[in-house]
Amino acid sequence: MGIRPLMFVEREASVGEPTSQERRHAEQNDKRILGNVVQCDGARATISAYADDIEGAITGLWTVGKMISINLGSTRTVGLVYEIGKSDRAWSNEGQNPIEVSIELIGEVRDATEPGAKPVFDRGITTYPHIGAIAHRIRSRDLQAVYDLAGRHSITIGTLSQDEAIDANIAIDDTLARHFAIVGTTGVGKSTAVSLLLRKSIAARPDLRILILDPHNEFAASLPEHCVRVDSKTLDLPFWMFRLEEFAEVLFRGRETVAEEVDALRDLIPAAKNLYRNPGSGTYLRRGSDALTADTPVPYRIADLIKQIDERIGMLESKNDRPILKSLKTRIESAASDPRYRFMFNSRLIEDTIHETIGNIFRVPHHGRPVTCFEMAGMPSEVVNSVCSVLARLAFDLALWSDGKLQLLLLCEEAHRYMPADPRLGFAPTRHALSRIAKEGRKYGCYLGVVTQRPGELDPTILSQCSTFFAMRLANEQDQAIIRSAIADSSASTLAFLSSMGQREAIAFGEGVATTMRLKFEKLPQDLIPGTGKREQASSSETGDDVDLAAIVERLRNVPKPQQQMAFAEVVDSGRQAGDPDYRKPATTTPRMQPDDDFDLRYGLKPSTFGLRPQND
Ligand SMILES: Nc1ncnc2c1ncn2[C@@H]1O[C@H](COP(=O)(O)OP(=O)(O)OP(=O)(O)O)[C@@H](O)[C@H]1O
Ligand SMILES: [Mg+2]
């Protein structure tokens, strides 16, 4: 039964009887011929063609989003199908169905002059298609030429959507150096794409250091062999490394600051710094080229700061300032004793740990793990704000003062959170530090990777500094408009597909690719997809009744139970996900757990190691 049609097909093929389509184009013996140009303007053209039966091979080739080529003798014009239709909007099962295909002209492919060399693609059109010119299915070689990176250092991140046999390559150096953005609605695969991109980047650029600002604690599981994790428990970022406004953000818990209190701090912090450096000098402040400011990252003691405030309260002339100073004192004391800020105020002995801190976070030396996942889930937002600001600032300064020896990528997942479009939202110093990287980072080897679900809510100056975009599915009209405005070349109609793209699919455009490219990211194995560990843990509980509420409440409070105090280091470690055998606690964890021990100075790093200017002498 089932054999007969097969035999029929075979006979038809072997004997070479023409199919209905071939009969129609009897005079055109090239099987790739699709139709003929009937209209053309400066950027677009219309092709008249015939659709045969519904499953016909030719009908299938005319679909929106495909590239085709128009043969003009010495050159072939490449076009992208953005619309197809039948002018009478009626379909007949008998006979021919004339259709109209609208294409956007992308560029031209020219055969190389030397025999055997690859064809060359040029954006822009020198010869426009004439009426009647024949449109083809594009050849693979031509398609490869369209996306050819002309010898630039490239990595393969997937395949073309149009032809899965062709690799999708991006120029990695340009993508990194001129900043990139990945945008798309939730669940389309942004984080997975990031983790794929980072994997490939590390392989291609072993000198690269990466800091991921990870708001959902999901990347460590996807880069297990490349990363170390830093969270609020293992972070060690002393308060004296914060600038005045960052410190104020923490003290005022993200609310409006009181100008008088900040002014008082601006006077008192340098005095405290001076007192720490020259214990005998009293509060005498040096003025001159080596004067300390509230922003200079040199150590001081909170106790000294409080002492300064107390002294000032006691002074007769500050009678009017007393309420301000008192409130400031309370603020400082409550922040310093808040367990959520332990990472700032933990060390009993304030030591100049800046080298250690920087080396730890920015992986100098990297010991084979060039990625740091800074896990922010569960951190209070004002802490996230100031810490992101400090880290972004440090990243830039580190790249700057290393004279290009350090190449740093700062990857901002959910970037709209700390770089919102609305200037009243977000935290000005973070925005400032990140836009500094966006604007000047390229020159010093500090790069930005921006990931967001809502490009419309992201600061437009940051987005405009990103030169390579990976636009995944975007449903929101406003978001689509923003991406459309970012794309400069003629292939803007590719973006019409933004709302309908599949999982793992993206449209890549900008510096990192030769021509706007619709691609499908490589499939990553399940265990390397960001956030998998957490989801697996969650799905192992069927009813959700085995949730340990006591543990959750403890995490909410962020205070260990008193009897666990001494064993806290172990508690922290046992909380880490399995499958992370190489995880090493950052060296600075220990002193915090045993506050009475002498601080172990592990200065593996000299300031000169990475060209940092020692700022305190
Ligand atoms: N390259 C890929 N290989 C395999 N699976 C993928 C890939 N990309 C996406 N997926 C699937 O899609 C799911 C969602 O991906 P992902 O978490 O990366 O989306 P997202 O865009 O980051 O979402 P959100 O905005 O909510 O963070 C993954 O759990 C995975 O199952
Ligand atoms: Mg994600």
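What is the residue count in region 424-448 for residues that are assigned to a loop (DSSP other than H, G, I, E, B) and touching a residue at least 24 places away in the same chain (Cβ under 8 Å)?
Residues in region 424-448 being assigned to a loop (DSSP other than H, G, I, E, B) and touching a residue at least 24 places away in the same chain (Cβ under 8 Å): 3 in total.
Suppose we filter region 137-186 for residues that are in contact (Cβ under 8 Å) with a residue 24 or more places away in the chain and either within 16 Å of ligand 1 (Cβ to nearest atom) or among the aliphatic types (A, V, I, L, M) (or both); how many remain?
29
Does A181 count as within 16 Å of ligand 2 (Cβ to nearest atom), part of a strand (DSSP E or B) and not acidic (D, E)?
Against the criterion (within 16 Å of ligand 2 (Cβ to nearest atom), part of a strand (DSSP E or B) and not acidic (D, E)), A181 qualifies.
Within the bounds of region 211-232, is there any residue that is assigned to a loop (DSSP other than H, G, I, E, B), at pLDDT below 90 and either away from ligand 2 (no atom under 16 Å from the Cβ) or surrounded by fewer than 20 Cβ atoms within 10 Å (Cβ to Cβ) (or both)? Quick ask: steps written out before the conclusion?
Of the residues in region 211-232, the ones assigned to a loop (DSSP other than H, G, I, E, B) are 215-219, 223-226, 231-232.
Checking which are at pLDDT below 90 leaves us with 231-232.
Still in the list and also either away from ligand 2 (no atom under 16 Å from the Cβ) or surrounded by fewer than 20 Cβ atoms within 10 Å (Cβ to Cβ) (or both): 231-232.
Checked region 211-232: at least one residue is assigned to a loop (DSSP other than H, G, I, E, B), at pLDDT below 90 and either away from ligand 2 (no atom under 16 Å from the Cβ) or surrounded by fewer than 20 Cβ atoms within 10 Å (Cβ to Cβ) (or both).
Pull up region 515-530, narrow it to residues that are part of a loop (DSSP other than H, G, I, E, B) and either buried (at least 21 other Cβ atoms within 10 Å of the Cβ) or under 15 Å from the mean Cα position of the chain (by Cα) (or both), then point me to the one that is nearest to ligand 2 (Cβ to nearest atom). Talk me through it step by step, then tell me what you get.
Of all residues in region 515-530, those part of a loop (DSSP other than H, G, I, E, B) come to 515-516, 522-525, 529-530.
Next, only the ones that are either buried (at least 21 other Cβ atoms within 10 Å of the Cβ) or under 15 Å from the mean Cα position of the chain (by Cα) (or both) stay: 515-516, 530.
Numbers: T515: 28, T516: 24, P530: 6 Å.
Residue satisfying both the conditions and the ranking: P530.
Between S539, S490, S574, which is modelled with pLDDT under 70 and either touching a strand residue (DSSP E or B) at 6+ places or on another chain (Cβ under 9 Å) or within 16 Å of ligand 2 (Cβ to nearest atom) (or both)?
Details: S539 fails: either touching a strand residue (DSSP E or B) at 6+ places or on another chain (Cβ under 9 Å) or within 16 Å of ligand 2 (Cβ to nearest atom) (or both); S574 fails: either touching a strand residue (DSSP E or B) at 6+ places or on another chain (Cβ under 9 Å) or within 16 Å of ligand 2 (Cβ to nearest atom) (or both).
Checking each option against the conditions leaves just S490.
Could you check how many residues of region 404-417 are part of a loop (DSSP other than H, G, I, E, B) and either within 16 Å of ligand 1 (Cβ to nearest atom) or out of contact with any helix residue (DSSP H, G or I) (no Cβ under 8 Å at 6 or more places or on another chain) (or both)?
2
Looking only at region 325-335, decide whether some residue is part of a helix (DSSP H, G or I), more than 22 Å from L398 (Cα to Cα), at pLDDT 80 or above and not assigned by TED's automatic domain parsing to the domain that holds E249.
No, because not a single residue in region 325-335 is part of a helix (DSSP H, G or I), more than 22 Å from L398 (Cα to Cα), at pLDDT 80 or above and not assigned by TED's automatic domain parsing to the domain that holds E249.
Could you please let me know if L400 is outside any loop (DSSP other than H, G, I, E, B) and under 17 Å from the mean Cα position of the chain (by Cα)?
Criteria not met by L400.
Against the conditions (1) within 16 Å of ligand 2 (Cβ to nearest atom); (2) under 21 Å from Y300 (Cβ atoms), where does E246 fall short? Just the number, please.
(1)
Any residue at all in region 197-205 that is under 21 Å from F521 (Cα atoms), hydroxyl-bearing (S, T, Y) and within 12 Å of ligand 2 (Cβ to nearest atom)?
Within region 197-205, none of the residues are under 21 Å from F521 (Cα atoms), hydroxyl-bearing (S, T, Y) and within 12 Å of ligand 2 (Cβ to nearest atom).
So that you can scan it fast, the table gives a plain yes or no per residue for (1) farther than 16 Å from L265 by Cα; (2) touching a residue at least 12 places away in the same chain (Cβ under 8 Å); (3) touching a strand residue (DSSP E or B) at 6+ places or on another chain (Cβ under 7 Å); (4) surrounded by fewer than 20 Cβ atoms within 10 Å (Cβ to Cβ):
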{"residue": "G314", "(1), (2), (3), (4)": "yes, no, no, yes"}
{"residue": "R322", "(1), (2), (3), (4)": "no, no, no, yes"}
{"residue": "A336", "(1), (2), (3), (4)": "no, yes, no, yes"}
{"residue": "R342", "(1), (2), (3), (4)": "yes, yes, no, yes"}
{"residue": "I361", "(1), (2), (3), (4)": "yes, yes, yes, no"}
{"residue": "F374", "(1), (2), (3), (4)": "yes, yes, yes, no"}
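The values are calculated or read from the model by the stated rules, or taken from the named source; none is laboratory data. Just so we're clear, the structure is a prediction, and the values are computed from it rather than from any experiment. Cβ: placed from backbone, ideal geometry, glycine included. Neighbour counts: every protein chain shown.
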